[in-house]
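Undergrad: Attaching a single structure in structure tokens format; questions to follow.
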Amino acid sequence: MVKARIGRRAAAVLAGFLASVLLLAGASPALADQAGEATQEKGAQKLDRLRSGKATLRVGTDATFPPFEFTEAGGGKTGFDVDLVRALAQRAGIKKVTFTQMPFGNIVPALQAHQIDVGASAIYISDARSKAVDFTDVYYPGGLAMFVPDDDDSVHALDDLAGKKVAVQVGTKSVEWLKEHQPHAQPVTVQTNEQMFSSVKLGQADAVITGAPGGQYFIAQQGGLKQVGKRLTGENYGYAFPKSDTAVTAAFDSALKNMKSDGSYTKLTDKWFAAKDTATSEKDQPLLNPSTIVDSWDQIWHGLLVSIMVILLSLCLSLVLGMLGGFAKLSKVLPVRWLGNAYVSVIRGTPFVVQLFFIYFGLPQLGLQLSPMVAGVLALGLYSGSYVTEIFRGAVQAVDRGQIEAARSCGMSHAAAMRHVVVPQAFLRMLPPLGNEFVSLTKNSALVSFITIGELFLVGQTIISRTFDALTVYLFIGFLYYVLTNLIGSATQAIEKKMAVYV
């Protein structure tokens, strides 16, 4: 009897389980439909906010790829993509548009993290990218092409690139295409469009594989290169949107169709791609061109101010975190000491760039969205703070143990002895290594350019993309960083001398 009851119960449980599975299977299409409807409704609401002016269309672009997008001397973004996006947004009824500079490889992750609304940077439409983001209809024909020095007669076809160094831009179609179609070539991966062409002109690479329109524009402006053969691929350019913004994507598609039908699209393409007699001979360009700095001074000054702000905020945060981390490592409470050790071990044991990208691109997928400035300062402060932690701990332990024992014998509590006796003496010992750490922080601040913060280094790259004057710009940017690091070093030395009387 008992076995029969157990059997009936087991059968009932199994039947209930199967019924639940069948119910869920039948309900899953309905749930999927509901999710799709919710996404469409959310996208329509976003379009309404954009059209009402309550929201701003945030466009991510790598403004180092003329004629599609580049930065003017005054700091403003210009180019075919910039003009076309503004025109499409206006026709779609969108009132506010802003452009954000970012490395090309960061655009799709930024769309997925909803840090931008549109990716407009001569992006090829591909099956792999279409799985992550949505694309508009084709707005301009693209395709990769091969470029070599104009005096090079050794490269006539793709097979001739075997064993040669080929420059490609990180995050672009050319990287994977070269690996697949000419695995015997040696890829030279660079960050910007200008670096690709410069690497060939300087002999660091033998050829460039990049978008044909961009390469042809460079030849028209600078010369020194030539295209080998016809286009290698037939991909086309499209504007990228998050998967949830179907209504905005449809509005752009409709506006693009209208522009092509009324002739305004043709006028815009003629403006940027029609043949012009603008080629500049390399012989006419001086080795160092001070006018590049003078013409772009407003842009450089703004970048310098942003760099100083990032450095000062990160410096303050690193001091706070370093002191807290130092006290944690010196704590007699095991969990607190463990936290201090874990902080130093994890932060010092991983690259700063990985931490920076995790905070800016990774945390949004966990529901925490941070602005570029906050993410950059937080990453720099955390990284530098781990080193300040060890500096603080070492300085405190270097103070003679008899100092705290004498203070305790005078009736001071442990906390009061630390605050009034040990820490002031430890601070004097901390100054020299702190100065070195803050110099390192200043140099590391250039890396926050990877998350769209318009500091000095990023400004320099945008100027070079327009002027192709890398030597002048990098020398001047390097000089400014040299001044900043020496100011910090001099300040710490002055404080050290002033407080030396207390030793």
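The values are calculated or read from the model by the stated rules, or taken from the named source; none is laboratory data. Here the structure is a predicted model, which means the values were calculated and not measured. Here Cβ is always computed from backbone atoms with ideal geometry, including for glycine, and neighbour counts include all displayed protein chains.
Undergrad: For residue 209, are the conditions met, namely being crowded, with 19+ Cβ neighbours inside 10 Å, of a type outside the set (D, E, K, R) and in a strand (DSSP E or B)?
TA: Yes.
Okay, residues lined up against (1) β-branched (Val, Ile, Thr); (2) more than 29 Å from residue 270 (Cβ to Cβ):
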site	(1), (2)
56	yes, yes
61	yes, no
73	no, no
99	no, no
122	no, no
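Undergrad: Under 6 Å by Cβ, and 6 or more places apart or on different chains, what pairs join a residue from the range 82-105 that is in the same structural domain as residue 453 (by TED's automatic domain parsing) with one that is surrounded by fewer than 18 Cβ atoms within 10 Å (Cβ to Cβ)?
TA: none
Undergrad: Out of all the residues in the range 150-168, is one or more surrounded by fewer than 22 Cβ atoms within 10 Å (Cβ to Cβ) and within 11 Å of residue 210 (Cβ to Cβ)?
TA: No.
Undergrad: Does residue 170 meet the test of being out of contact with any helix residue (DSSP H, G or I) (no Cβ under 6 Å at 6 or more places or on another chain) and among the β-branched types (Val, Ile, Thr)?
TA: No, not satisfied.
Undergrad: Is the range 310-332 home to any residue that is farther than 30 Å from residue 415 by Cα and either outside the structural domain of residue 392 (by TED's automatic domain parsing) or not in a helix (DSSP H, G or I) (or both)?
TA: Checking the range 310-332: not a single residue is farther than 30 Å from residue 415 by Cα and either outside the structural domain of residue 392 (by TED's automatic domain parsing) or not in a helix (DSSP H, G or I) (or both).
Undergrad: Being assigned to a loop (DSSP other than H, G, I, E, B), outside the structural domain of residue 63 (by TED's automatic domain parsing) and among the basic types (Lys, Arg) is the requirement here; does residue 230 meet it?
TA: The answer is yes for residue 230.
Undergrad: Here is a follow-up. Among the residues of the range 45-81, which ones are out of contact with any helix residue (DSSP H, G or I) (no Cβ under 7 Å at 6 or more places or on another chain), of a type in the set (Ser, Thr, Tyr) and in contact (Cβ under 8 Å) with a residue 40 or more places away in the chain?
TA: Answer for the range 45-81, where residues must be out of contact with any helix residue (DSSP H, G or I) (no Cβ under 7 Å at 6 or more places or on another chain), of a type in the set (Ser, Thr, Tyr) and in contact (Cβ under 8 Å) with a residue 40 or more places away in the chain: 52, 56.
Undergrad: If you don't mind, another one. Residue by residue through the range 71-122, note down the ones that are surrounded by fewer than 20 Cβ atoms within 10 Å (Cβ to Cβ) and charged (D, E, K, R).
TA: Passing the criteria: 72, 83, 86, 91, 95, 96.
Undergrad: Considering the range 187-206 alone, what residues qualify as being of a type in the set (A, V, I, L, M, F, W, C), in contact (Cβ under 8 Å) with a residue 12 or more places away in the chain and outside any strand (DSSP E or B)?
TA: 196, 197, 200, 205
Undergrad: Assuming residue 365 fulfils every condition listed in (1) touching a helix residue (DSSP H, G or I) at 6+ places or on another chain (Cβ under 7 Å); (2) touching a residue at least 40 places away in the same chain (Cβ under 8 Å) apart from one, which condition is it?
TA: Looking at each condition in turn, residue 365 falls short on (1).
Undergrad: Does residue 415 count as farther than 19 Å from residue 310 by Cα and exposed (fewer than 13 other Cβ atoms within 10 Å of the Cβ)?
TA: Considered against the rule, which asks whether it is farther than 19 Å from residue 310 by Cα and exposed (fewer than 13 other Cβ atoms within 10 Å of the Cβ), residue 415 comes out as yes.
Undergrad: How many residues are in contact with a Gly (Cβ under 9 Å, 6 or more places away or on another chain), surrounded by fewer than 19 Cβ atoms within 10 Å (Cβ to Cβ) and among the β-branched types (Val, Ile, Thr) if we restrict to the range 305-320?
TA: Adding up the residues that qualify gives 1.
Undergrad: Here's something else I'd like to know. Pick from the range 376-397 the residues that are under 23 Å from residue 496 (Cα atoms) and aromatic (Phe, Trp, Tyr): which of them is modelled with the lowest pLDDT?
TA: Looking at residues that are under 23 Å from residue 496 (Cα atoms) and aromatic (Phe, Trp, Tyr), I get 392.
Undergrad: Considering every residue within the range 262-275, establish whether at least one is of a type in the set (Gly, Ala, Ser) and either more than 29 Å from residue 463 (Cα to Cα) or modelled with pLDDT of 95 or more (or both).
TA: For the range 262-275, residues of a type in the set (Gly, Ala, Ser) and either more than 29 Å from residue 463 (Cα to Cα) or modelled with pLDDT of 95 or more (or both): present.
Undergrad: For residue 55, are the conditions met, namely being in a loop (DSSP other than H, G, I, E, B) and either modelled with pLDDT of 90 or more or more than 19 Å from residue 260 (Cβ to Cβ) (or both)?
TA: yes
Undergrad: Shifting gears a bit: Which one is modelled with the lowest pLDDT among residues in the range 398-455 that are of a type in the set (Val, Ile, Thr) and part of a helix (DSSP H, G or I)?
TA: Within the range 398-455, the match that is modelled with the lowest pLDDT is 404.
Undergrad: I've got another one for you. Against the definition (under 27 Å from residue 216 (Cβ atoms), outside any helix (DSSP H, G or I), modelled with pLDDT under 95 and among the β-branched types (Val, Ile, Thr)), how does residue 278 come out, yes or no?
TA: Against the criterion (under 27 Å from residue 216 (Cβ atoms), outside any helix (DSSP H, G or I), modelled with pLDDT under 95 and among the β-branched types (Val, Ile, Thr)), residue 278 qualifies.
Undergrad: Taking the conditions exactly as written (in a strand (DSSP E or B) and either assigned by TED's automatic domain parsing to the domain that holds residue 111 or farther than 17 Å from residue 142 by Cα (or both)), does residue 240 satisfy them or not?
TA: yes
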